[in-house]
1. Are any of the residues in the stretch 166-178 exposed (fewer than 13 other Cβ atoms within 10 Å of the Cβ), among the aliphatic types (A, V, I, L, M) and modelled with pLDDT of 95 or more?
2. Would you pick out the residues in the stretch 104-131 that are in a loop (DSSP other than H, G, I, E, B) and surrounded by 14 or more Cβ atoms within 10 Å (Cβ to Cβ)?
3. Looking at the structure I just gave you, is GLY120 on the phi > 0 side of the Ramachandran plot and out of contact with any Ser or Thr (no Cβ under 9 Å at 6 or more places or on another chain)?
4. Considering the stretch 252-273 alone, what residues qualify as being at negative phi, part of a loop (DSSP other than H, G, I, E, B) and free of Cβ contacts under 8 Å to residues at least 60 places away in the same chain?
5. It is to be established whether one or more residues within the stretch 122-131 are under 29 Å from CYS276 (Cβ atoms), touching a helix residue (DSSP H, G or I) at 6+ places or on another chain (Cβ under 9 Å) and not hydroxyl-bearing (Ser, Thr, Tyr).
6. Taking the options ALA279, ALA305, ALA260, name whichever one is modelled with pLDDT under 95, under 22 Å from the mean Cα position of the chain (by Cα), buried (at least 17 other Cβ atoms within 10 Å of the Cβ) and farther than 23 Å from THR35 by Cα.
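The values are calculated or read from the model by the stated rules, or taken from the named source; none is laboratory data. Owing to the predicted nature of the structure, the values given are computational and were not obtained by experimental measurement. For neighbour counting, all protein chains shown are included, and Cβ atoms are generated from backbone atoms with ideal geometry for every residue, glycine included.
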Amino acid sequence: MDHWVEDHLQWRLMTAEDAGELTHLREQIEVFDDTMFSGVEQLGRTAWLASLEDDCVGGWDHYGSLVAYGWNVPDTDPKRARVTLAGGVHPTHRDLSIGRNLIAWQEARAMAWRDRHRPGLDLWLGSYVEDVQPGLRHLLRSTGFHEERHFFDMHRRLDDVPTPRSIDGIDFVPFELSRSDEVHNLHHLCFLADVPADQDHWDKSLPRIRPDWSWVALQGEEAVGYALSGIDDAAAMDGVVEGWTDRLGVHPAHRRRGIASGLLEHTMVSMAQSGCPGAGIGVDTQDPNLPRFLHGSLGYESRDAVVLMAKTIPVAESVS
């Protein structure tokens, strides 16, 4: 496939030898845009295993400086045709339509990858965009992408915690390791029903969970909700002890009953009782208004927000 993207820059596929230049460019873009997470770091959400070579194109200016790149990261699951797009253009070279042409190149290359490796499947494209990147969000929307999921980091002090609510038919109990498999299955039902369970990843995450800060909602003997928490590692690096609810979910058939709020209320109380001064939560939702609800009902404040922009290209469309 042609490596040319547009006329302003000199384009070629990047190799491992370009990793240093790519890192430098990404750092410059992140400082200018004031982002919290780089586009490539966001790919950690997709459990990607792609290499730099053959999947990343770079554009160099006439002075020999790398000023733009586009990185396609295919999903390794052979049953899915999914490619996550990362990329960026140096601030000095924006407003030249380089970004638009770069996305078009990435889309065409992803279609070629689909036709070669995942024939017969619709192609899903995704790109993570932070709130501080409205230009990128507008660009993706103008090329057919839509907002598929929203990710928010929210925090609150635990000086004044709410009294946990009561819900008819629901008991809130501390999480026990004996319920690990049941909660794991519920987790996939809540969020990842189309993805095979990764037992090894789940098992490795359990040591980070504090059972005394984690809760399960039961209807009879059935787990219908869960909130699993531990220490916020990022805050700990700054010398701050803060609880972090990493996983929160409610069975689809039991939503809109206040179960999620009840789980978080029990979590905040248990954290405060152990002397923890603050609590945080990572929110993964299709509802962009959920942070307003969490702020109004539970006092959380949103700090960082990322939206997953996505686009599906039907199998009928392919690269000729």
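1. Yes: one or more hits.
2. Of everything in the stretch 104-131, those that are in a loop (DSSP other than H, G, I, E, B) and surrounded by 14 or more Cβ atoms within 10 Å (Cβ to Cβ) turn out to be ARG118, LEU121, ASP122, ASP131.
3. Working: on the phi > 0 side of the Ramachandran plot: yes; out of contact with any Ser or Thr (no Cβ under 9 Å at 6 or more places or on another chain): yes.
The answer is yes for GLY120.
4. If the condition is that a residue be at negative phi, part of a loop (DSSP other than H, G, I, E, B) and free of Cβ contacts under 8 Å to residues at least 60 places away in the same chain, then ARG255 is the only one that fits.
5. Taking the stretch 122-131 and keeping what is under 29 Å from CYS276 (Cβ atoms), we get 130-131.
Applying the additional criterion that residues be touching a helix residue (DSSP H, G or I) at 6+ places or on another chain (Cβ under 9 Å) yields 130-131.
In the following step, the residues that additionally are not hydroxyl-bearing (Ser, Thr, Tyr) were identified as 130-131.
Checked against the condition, which is being under 29 Å from CYS276 (Cβ atoms), touching a helix residue (DSSP H, G or I) at 6+ places or on another chain (Cβ under 9 Å) and not hydroxyl-bearing (Ser, Thr, Tyr), the stretch 122-131 yields at least one hit.
6. Details: ALA279 fails: farther than 23 Å from THR35 by Cα; ALA305 fails: farther than 23 Å from THR35 by Cα.
Result of the check over ALA279, ALA305, ALA260: ALA260.
Conditions tested, residue by residue: (1) aromatic (Phe, Trp, Tyr); (2) at pLDDT 85 or above.
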site	(1), (2)
GLN10	no, yes
MET14	no, yes
ALA19	no, yes
LEU22	no, yes
LEU25	no, yes
ASP34	no, no
PHE37	yes, no
THR46	no, no
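To keep it simple, each residue is scored yes or no on (1) over 18 Å from the mean Cα position of the chain (by Cα); (2) not aliphatic (A, V, I, L, M).
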position: HIS150; (1), (2): no, yes
position: HIS155; (1), (2): no, yes
position: PHE172; (1), (2): yes, yes
position: LEU177; (1), (2): yes, no
position: HIS201; (1), (2): no, yes
position: ARG208; (1), (2): yes, yes
